[in-house]
Amino acid sequence: MLCDVLLEAADGTQRVLPYPDAELTRLDINEGSTVTLQDHRLTKAAHKVYFTRHGETVWNVENKICGMTDSPLTEKGRAQARELGEKLRTSGLRIDEILYSPLSRSADTARAIAEATGIPARCEPRLREQCFGRYEGTPRDGEEFRISKTHFADRYSGGESMMQLAQRIYNLLDELRADTDKTYLLVAHNGIARVVQSYFYDMTNEEYAAAGIKNCEFVEFTF
């Protein structure tokens, strides 16, 4: 736990010390003095990040795994993106910038949201979907693929492992966490949503493999 030590003497004088601190071993705490631990996580204002998945794609309708294959939005998917943009425009939420995946299904979704809200948007390459290798274009509900998602070092015969994916997404989230002056909306993919969720919450392998969100579903996370 990152915290400070607030030492208040019997005469009412106070002294704040960083913790841990070697000086604590030399403190003379007299009768009537109090020591309080101040947790930095509680003293800072809540810092949020928002996430949404792209609108419906052609391969979503056909129940195929997209991965890095650039399946375009359907008309319904474009309408979903516009609808989410209008909801955010009137929501009162503070969003300073939209970061989106370079794949067209996410980029087009982000542009529709940006057009509706006026929020600036830019491409963030690390938000690209996981490359599922030989599974791309195969049924999303295939048993072999479901099991493979619990094998975090598996690269799917030419794809990207869950561990590699987590590294780039966790690095990005660490950067956003440190940037406390801005609130971001991430527009990406189902596979990315799964990793983002695992950054904030403990998950079993089975829970991770089963996790996901709907097209243009809007999710809030607090650092």
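The values are calculated or read from the model by the stated rules, or taken from the named source; none is laboratory data. All figures in this text were calculated on a predicted structure; none of them were measured in a lab. Virtual Cβ from ideal backbone geometry, glycine too; neighbours counted across all protein chains shown.
Observations on the structure shown:
- Among the residues making up segment 208-221, those that are at pLDDT below 95, surrounded by 14 or more Cβ atoms within 10 Å (Cβ to Cβ) and more than 21 Å from VAL61 (Cβ to Cβ) are TYR208, ALA209, ALA211.
- When segment 192-223 is filtered for residues that are within 22 Å of GLY85 (Cα to Cα), of a type in the set (Gly, Ala, Ser) and touching a residue at least 60 places away in the same chain (Cβ under 8 Å), only ALA193 remains.
Every residue, every condition in (1) over 27 Å from GLU136 (Cα atoms); (2) modelled with pLDDT of 60 or more; (3) of a type in the set (S, T, N, Q), yes or no:
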residue: LEU2; (1), (2), (3): yes, no, no
residue: LEU24; (1), (2), (3): yes, no, no
residue: THR34; (1), (2), (3): yes, no, yes
residue: ASN63; (1), (2), (3): no, yes, yes
residue: GLY67; (1), (2), (3): no, yes, no
residue: GLY77; (1), (2), (3): no, yes, no
residue: ALA81; (1), (2), (3): no, yes, no
residue: LEU88; (1), (2), (3): yes, yes, no
residue: LEU93; (1), (2), (3): yes, yes, no
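- Residue count for segment 83-112, restricted to those that are surrounded by fewer than 16 Cβ atoms within 10 Å (Cβ to Cβ) and part of a helix (DSSP H, G or I): 5
- Matching residues, segment 163-181, being in contact (Cβ under 8 Å) with a residue 40 or more places away in the chain, surrounded by 12 or more Cβ atoms within 10 Å (Cβ to Cβ) and either within 19 Å of GLU97 (Cα to Cα) or not basic (Lys, Arg) (or both): ILE169, LEU172, LEU173, LEU176, ARG177
- Scanning segment 61-82 for residues that are of a type outside the set (A, V, I, L, M, F, W, C) and outside any loop (DSSP other than H, G, I, E, B) yields LYS64, GLU75, LYS76, GLY77, ARG78, GLN80, ARG82.
- Any hit, segment 187-200, residues being farther than 24 Å from ASN60 by Cα and not charged (D, E, K, R): yes
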